[in-house]
Amino acid sequence: MYTLDEVKKFCLKCNKCRLSEMRTNVVFGEGNANSVIMFVGEGPGYNEDLQGRPFVGKAGQLFEKMIKSINLTREDIYITNIVKCRPPKNRNPMDDEQELCIDYLRWQVKLINPKIIVCLGSVAAKKLIYSNKTITSMRGKWVDKGGILFTAIYHPSYLLRNESAKKDAWQDLKSISDKIKQIRAV
Ligand code: URA
């Protein structure tokens, strides 16, 4: 069994896939390692690659607003991505890149032991919930996988481009907030 810091050390030196050749920084993930809730995006963008931190660009600002609306801050939650290095031109991470990187996320989940995992957008939802379903059909629904409750919400980058999807996202955030309350009441 490793500690989260040990897994991070391995990850920072990783060169298992082509994305490692193009990165400035590995973006391992950050936040409260004792949190009941973990958010998973797809992969670092330009700003994240420069800073080595997840969700620090425009999408990150919206993400912070989203969690603030349910009384959470970045210090309350843990946040990471499916792939830890930036795909060129922000393309979606390829299947082999996701597969070579997923063990880091498995370790993070094992060590943080969240009750809830929220997939931010289609890439994470397909990788972690159902590979053959759309984000539109998965968002707002809950799936219990091995005792962890998974749900999905539209990616903040998508919401920045599609104002009209925000209504659905606020509804999904309310469902997440209700679920946290239920868990805390147990
Ligand atoms: N988009 C993501 O999916 N992850 C980040 O860290 C930033 C933008």
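The values are calculated or read from the model by the stated rules, or taken from the named source; none is laboratory data. If you're wondering where the values come from, they're calculated on a predicted model, not measured in any experiment. Don't worry about glycine lacking a Cβ; one is built from the backbone with ideal geometry, like all the others, and counts go over all protein chains shown. Ligands, DNA and RNA are stripped out before the accessible areas are found, and what is left, the full protein with its side chains, is counted by its heavy atoms. Shrake-Rupley method; radii C 1.70, N 1.55, O 1.52, S 1.80 Å.
Can you send over the carbon and sulfur percentage of the accessible area for the stretch 56-186, probe radius 1.4 Å, protein chains only? Mind dumping the intermediate values first?
On the way: 3400 of 6780 Å².
Accessible surface attributable to carbon and sulfur in the stretch 56-186 totals 50 percent.
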Legend entry - Within the chain, helix-based [θ] at 222 nm, where runs of 4 or more DSSP H residues each add -39,500 (n - 2.57), nearest 500: -13000 deg cm²/dmol
Legend entry - Accessible surface, the stretch 12-148, averaged per residue in Å² (probe 1.4 Å): 49 Å²
Inset, instruction - Please identify, among ARG53, ARG139, ARG18, the residue showing maximal mean-square fluctuation in a Gaussian network model of the chain using a 10 angstrom Cα cutoff. - result: ARG18
Inset, instruction - Calculate, for ILE183 and GLN61, the FRET efficiency according to 1/(1 + (r/R0)^6) with r their C-beta to C-beta distance and R0 22 Å; round to the nearest 0.05. - result: 0.20
Legend entry - Percent of beta bridges antiparallel (DSSP, the chain, rounded to nearest 5): 25 percent
Inset, instruction - Determine the percent antiparallel among the DSSP beta bridges restricted to the stretch 18-117, to the nearest 5. - result: 25 percent
Inset, instruction - Identify all lysines with a Cα-Cα distance to LYS167 below 20 Å; exclude those on the same chain that are fewer than 8 residues away in sequence. - result: LYS58, LYS65, LYS68, LYS141, LYS179
